[in-house]
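Asker: I have a structure I would like to understand better, so I am pasting it below and will then ask my questions one at a time.
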Amino acid sequence: DLVALMAAIRNHPPRILASGGIGKNDLKKILPSLSAHKTLKYARFLALFCIRSKFLTPVGDVWSVSDSFSVWIANPLDAYRDLYSFWLGATAWNEEYPEGDIQHADPPPANLIHAPELRRLILRNLESIPHDDWIDFDAFAEGLEPQIEISIPGRNPADDLPMMRHNILALESAIAESLYWLGALTIG
């Protein structure tokens, strides 16, 4: 999908938004190039990764694919490791925010969960489950909620703070979107 995204950007360079990202309409045009059933949010994730990794560089008022991308993608194992590491530590991507990309949001969202901490918590819990069996999301999330409240202070889902979503929705996004996109789990 990264190669397809970058090929589409190379063929039809998208405009650079005032916030520094790629517009929804430009990404919607690229979606048919990606593998089946991929979402706009997924395209935003890949675009954010490419911008942050400097595989996309500004040229005038459009994005251009850097020469370093071809060199980087030639080693798929390292490429995947870099993508996974980006996701694991990125604060510019936040599963609690419905659009995901908070770096290029206008206005920038506030009061969001510390996403890298949430991701590590999810992964630690997934590691403790036998890998040859299905898990029920509701039961998994129910077991994680008290851990979130202890591990990530200030996460009271009853608060009426703007842009704050319930912890379950952030968990659902991290598991059913991000980990699914990364191929770390199967959804059925």
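The values are calculated or read from the model by the stated rules, or taken from the named source; none is laboratory data. Since this is a predicted model, take the numbers as computed values, not measurements. So basically every Cβ, Gly included, is an ideal-geometry build from the backbone, and we count neighbours across all protein chains shown. All accessible areas refer to the heavy atoms of the entire protein, side chains included, with ligands and DNA or RNA removed. Shrake-Rupley method; radii C 1.70, N 1.55, O 1.52, S 1.80 Å.
Asker: Using the Karplus equation 6.51 cos²θ - 1.76 cosθ + 1.60 (θ = phi - 60°), what ³J(HN,Hα) coupling, rounded to whole Hz, does each residue of region 141-146 give in order, writing x for Gly and Pro?
Answerer: Each residue of region 141-146 in turn: 5, 4, x, 7, 3, x Hz.
Asker: For the chain, build the charge dipole from Cβ charges (+1 Lys, Arg; -1 Asp, Glu) around the Cα centre, then report which of L169, A18, N125 sits farthest towards its positive end.
Answerer: Value computed over the given set: A18.
Asker: Related question: Could you go through region 59-72 in sequence order and give the Karplus-derived ³J(HN,Hα) for each residue, using 6.51 cos²θ - 1.76 cosθ + 1.60 with θ = phi - 60°, rounded to whole Hz, and x for Gly and Pro?
Answerer: Couplings: 10, x, 10, 10, 8, 10, 7, 7, 5, 5, 4, 4, 5, 5 Hz.
Asker: Further question: Sequence-distant or interchain residues sharing an amide H contact under 5 Å with S66, placed H: which?
Answerer: L56, T57
Asker: Around L31, under 12 Å between beta carbons, what's the net of Lys plus Arg minus Asp minus Glu among the other residues?
Answerer: Values: positive: K24, K28, K29, K38, K41, R44; negative: D1, D26.
With Lys, Arg at +1 and Asp, Glu at -1, the net is +4.
Asker: Sticking with this structure for a sec: Under the 0.36 nm per residue contour assumption, what length would be gained going from the current alpha-carbon distance of H12 and A110 to full extension?
Answerer: Values: separation 98, 0.36 × 98 = 35.28 nm, distance 3.33 nm.
Working it through step by step, the gained length comes to 31.9 nm.
Asker: Over the chain, with a Gaussian network built from C-alpha contacts below 10 Å, which listed residue (L40, L17, L112) shows the highest mean-square fluctuation?
Answerer: Taking springs between Cα atoms under 10 Å, the residue moving most is L17.
Asker: Here's another thing I want to ask about it. For D67 and R124 in one chain, what is 0.36 nm times their gap in residues minus the Cα-Cα distance, to one decimal in nm?
Answerer: Details: separation 57, 0.36 × 57 = 20.52 nm, distance 3.67 nm.
Going from the current span to full extension adds 16.9 nm.
Asker: Can you tell me the orientation of helix 40-52 relative to the chain, as the angle in degrees between its alpha-carbon axis and the longest Cα principal axis, to the nearest 10?
Answerer: In the chain, helix 40-52 runs at an angle near 70 degrees to the longest axis.
Asker: Let me ask you something else. What accessible surface, in Å², does a 1.4 Å probe find on I113, ignoring ligands, DNA and RNA and rounding to the nearest 10?
Answerer: 10 Å²
Asker: Taking the solvent-accessible surface of protein heavy atoms with a 1.4 Å probe, what is the per residue accessible area of the chain in Å²? Numbers along the way, then the final one.
Answerer: Numbers: 10160 Å² over 188 residues.
Ligands and nucleic acids excluded, the figure is 54 Å² per residue.
Asker: In whole percent, and with a 1.4 Å probe on the protein chains, what portion of the accessible area of the chain is carbon and sulfur? Walk me through the numbers on the way to the answer.
Answerer: Values: 5550 of 10160 Å².
Result for the chain: 55 percent of the exposed heavy-atom area is carbon or sulfur.
Asker: Suppose we keep just the alpha-carbon trace of the chain; what are its Rg and Dmax in angstrom?
Answerer: Every Cα atom of the chain included, Rg and Dmax give 17.3, 51 Å.
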